[in-house]
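Input: a single structure, listed below in C-alpha cells.
Read-outs: derived from the displayed coordinates by stated rules, not from any lab. Everything numeric here is computed off the predicted structure, so don't read it as measured data. Cβ placement follows ideal geometry from the backbone for every residue including glycine, while neighbour counts extend to all protein chains displayed.
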Amino acid sequence: MKFLTVLLSAAMMLPGPFFAFADQGPHTNDVLGKLFRYKADKAERLLRLDEFPGCDDPRVLKKIVKRYNWAEKHTWRRGVDLNDVTQAGERLTLVGDDRLVNRRYCRGHARMSDGRHSSVYYLIEQRQGFASIRWNVEFCITGRDNWRVYNGSCRSLRR
C-alpha cells in the first residue's frame, strides 16, 4: 500500500499529457481511472497557476518595490527607499515552444524617496518562482547597483 501511495504522489507531479491514457480503455469508470483523471486535472490546475504577468502588472511592480526596500533596510543601509515604479513598458518578450523558460524584459521609471528618478530594468521569468511553479522578477535600478550584480548600468537586464 505504501508503494502505491508513493507512486500516486509522484504521478501527481506529472503534467497532463502523461495522463492521456486515463480517458481510454475499460478502466475509465473504475476507481483507478477516476484517480488518474483527478491527478491529471490537479496537474493542469497547477500549470495554469503559472501565469506570465505583463510588465505593468501591479503584482510585479509591488514585488520590485518590496524587495528593493527590504534590501535597502537589511543590506545597503543608504537611507533611500523606492517609492514606486511607473511608466512600465515591455522591451522584449522571448516565448515559444522550444524555450523552457519564457522571459519578458521590461523598463520602468523608479521614484526614490530622496526625490531622484532613475530607470529600472527588470526581467519577468515564467516558472522560476518557488519550486518552479510561479513567476519571478529580477530587477536593477541604474546607479543603485554598486555591487555590479547586473553588470555596469544594468546591462544584463536591458536587452
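A few notes on this one:
- Extension gain (nm, one decimal) between Glu51 and Asn69, 0.36 nm per residue minus Cα-Cα: 3.9 nm
- Sparse packing (at most 11 other Cβ atoms within 10 Å of the Cβ) combined with a DSSP loop state is found for the following chymotrypsin sites (Phe, Trp or Tyr not before Pro) in the stretch 116-150: Trp147.
- For Ile133 and Val95, the difference between the fully extended length at 0.36 nm per residue and the C-alpha to C-alpha distance is 12.0 nm.
- Packing-based exposure ordering (other Cβ within 10 Å, fewest first) of Ser132, Ser118: Ser132, Ser118
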